[in-house]
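Student: Let me give you the structure first, and then I'll get to my questions.
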Amino acid sequence: MNDPLQSLADLLWQAAAARVPVPPLREAAATFGMVPTADHAYAVQRINRDRRVRAGDRVVGRKIGLTSKAVQRQLGVDSPDYGSLWAATACGDGDTVAIGTLIQPKVEAEVALVLARDVDRPDATVADLVGATDFALAALEIVDSRIADWKIGLFDTIADNASAAAFVLAGDPVRLDRVALREARMTMTRRPGDGAVETVSEGVGSACLGHPLNAAAWLARALARQGDPLRAGDIVLTGALGPMVTARAGDRFEARIEGLGAVAVAFG
C-alpha cells in the first residue's frame, strides 16, 4: 500500500510541475482514512523539501505564514505556519516575474530579517532574535497555492510549504536599532498595465503577531523543537503586514515600509 504522506506530497509536486491545482488535501487524506494533523502536514512538506534539495535547489531561509489577522480571516485559519525559502525563487528588487510560472499568485508585504548567528534554543526569546539578526529589509512575498481556488485549511497550506512561491528583497539593509518595527507602517500599491497607481494593501508591524520579532521568535522555537533550527545567513520572512493581493499579468507592485524603504516587483 502506498504511504499516504508520500501520496499527498506527490499530488502537490505534480500540481506545481503541471501548474494545475488540486482539490484540498484534506479531502485526499480522508480517502486514506487519515485524520490529518499539523504533524502530518509538516511531514508532507519535508518530503517535498527533501525532493527539491535532491533536484539541486538550496534552502536559503524560512517564511512564517498566517501571522496577520487580516490574512487569517481571508483564509479562515487561526494560527501561523512556516515553510522554506529557496535560492531558485529569490528575486531582485524591481524584477519581473513570469506569471505563467505560477498558478494563482498573490502578493504581500513583509519585514525580512537576515541572521548573523544561529538561533537553536527551543526557548528562544525576542532578545535572542535581536542578538542574532544582522539586518532587516523590506520584502515582498509572492504566495501561490497548489490547492484549487485557494480553498485551504491549515493542513493544506502547511503541506504546501506555507503557500510559498517566490520572494523579493529590497537592497537597503537596516540595523534593528535604526527602525521601530512595531510601529512601522506599510503601504502597498499596484499599477496595472493599463491603469493608474492604486493603494491595495495597508498595515503596520504590530499586525504581525504584535511585532515582527515575536513572529521570528515563534519560528525559532518551533524549528529548534524539530531539530532543524535557524542558522547564520538564513533569511526570515516574518509574515504579512496587511492583506495579500491577487497578481495579474502586467501588474507592478511596490511596498513601502516605514524605516525600511521600498521594494517592488512586476508580473510579465
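Student: Please determine whether any residue of the range 238-253 is touching a residue at least 12 places away in the same chain (Cβ under 8 Å), within 16 Å of the chain's Cα centre (by Cα), more than 23 Å from Ile99 (Cβ to Cβ) and open to solvent by 40 Å² or more (accessible area, probe 1.4 Å).
Tutor: Within the range 238-253, none of the residues are touching a residue at least 12 places away in the same chain (Cβ under 8 Å), within 16 Å of the chain's Cα centre (by Cα), more than 23 Å from Ile99 (Cβ to Cβ) and open to solvent by 40 Å² or more (accessible area, probe 1.4 Å).
Student: Here's another thing I want to ask about it. Out of Val59, Val20, I need the residue that is among the β-branched types (Val, Ile, Thr), open to solvent by 30 Å² or more (accessible area, probe 1.4 Å) and within 19 Å of the chain's Cα centre (by Cα). Which one?
Tutor: Val59
Student: For residues that are within 18 Å of Thr157 (Cα to Cα) and touching a strand residue (DSSP E or B) at 6+ places or on another chain (Cβ under 9 Å), scanning just the range 35-60, find the one that is modelled with the lowest pLDDT.
Tutor: The qualifying residue modelled with the lowest pLDDT is Ala38.
Student: Here is a check on your reading of the model: is Leu140 more than 28 Å from Thr37 (Cβ to Cβ), of a type in the set (A, V, I, L, M, F, W, C) and open to solvent by less than 10 Å² (accessible area, probe 1.4 Å)? Before you say what the answer is, go through the steps one by one.
Tutor: Details: more than 28 Å from Thr37 (Cβ to Cβ): yes; of a type in the set (A, V, I, L, M, F, W, C): yes; open to solvent by less than 10 Å² (accessible area, probe 1.4 Å): yes.
The answer is yes for Leu140.
Student: Since Met34 meets every condition but one in (1) in contact with a helix residue (DSSP H, G or I) (Cβ under 8 Å, 6 or more places away or on another chain); (2) assigned to a helix (DSSP H, G or I); (3) of a type outside the set (Ser, Thr, Tyr); (4) farther than 18 Å from Phe167 by Cα, which condition does it not meet?
Tutor: With (1) in contact with a helix residue (DSSP H, G or I) (Cβ under 8 Å, 6 or more places away or on another chain); (2) assigned to a helix (DSSP H, G or I); (3) of a type outside the set (Ser, Thr, Tyr); (4) farther than 18 Å from Phe167 by Cα applied to Met34, the lone miss is (2).
Student: Also: Could you please tell me which pairs satisfy a Cβ distance under 6 Å, a separation of 6+ or placement on different chains, a first residue in the range 153-171 that is touching a residue at least 60 places away in the same chain (Cβ under 8 Å) and closer than 16 Å to Leu5 by Cβ, and a second residue that is open to solvent by 10 Å² or more (accessible area, probe 1.4 Å) and among the basic types (Lys, Arg)?
Tutor: These pairs meet every condition: Phe155/Arg26; Asp160/Arg146.
Student: Show the residue pairs that are 6+ apart or on different chains and have beta-carbon atoms under 6 Å apart, the first residue being within the range 1-24 and within 15 Å of Gly153 (Cβ to Cβ), the second being open to solvent by 50 Å² or more (accessible area, probe 1.4 Å) and not in a loop (DSSP other than H, G, I, E, B).
Tutor: Correct list of pairs: Val22/Leu11.
Student: Looking only at residues in the range 180-216 that are open to solvent by 60 Å² or more (accessible area, probe 1.4 Å) and among the basic types (Lys, Arg), which one is nearest to Gly83 (Cα to Cα)?
Tutor: Arg182
Student: Turning to a different aspect of this structure: If the requirement is being closer than 16 Å to Arg62 by Cα and in contact with a Leu (Cβ under 6 Å, 6 or more places away or on another chain), which of these qualifies: Ala109, Ala116, Ala90? If you could, list the steps in order and put the result at the bottom.
Tutor: Numbers: Ala116 fails: in contact with a Leu (Cβ under 6 Å, 6 or more places away or on another chain); Ala90 fails: in contact with a Leu (Cβ under 6 Å, 6 or more places away or on another chain).
The match here is Ala109.
Student: Tell me, which strands (runs of 3 or more DSSP E) lie completely within the range 155-268 with 1 or more residues that are of a type in the set (S, T, N, Q)?
Tutor: Values: elements: 164-169, 185-191, 198-204, 235-240, 252-257, 261-267.
Because the criterion is at least 1 residues that are of a type in the set (S, T, N, Q), the strands (runs of 3 or more DSSP E) in the range 155-268 that meet it are 185-191, 198-204, 235-240.
The values are calculated or read from the model by the stated rules, or taken from the named source; none is laboratory data. Please read all numbers here as calculations on a predicted model, not as lab measurements. For neighbour counting, all protein chains shown are included, and Cβ atoms are generated from backbone atoms with ideal geometry for every residue, glycine included. Please note that ligands, DNA and RNA were not included when accessible areas were found on the heavy atoms of the full protein model with its side chains. Shrake-Rupley method; radii C 1.70, N 1.55, O 1.52, S 1.80 Å.
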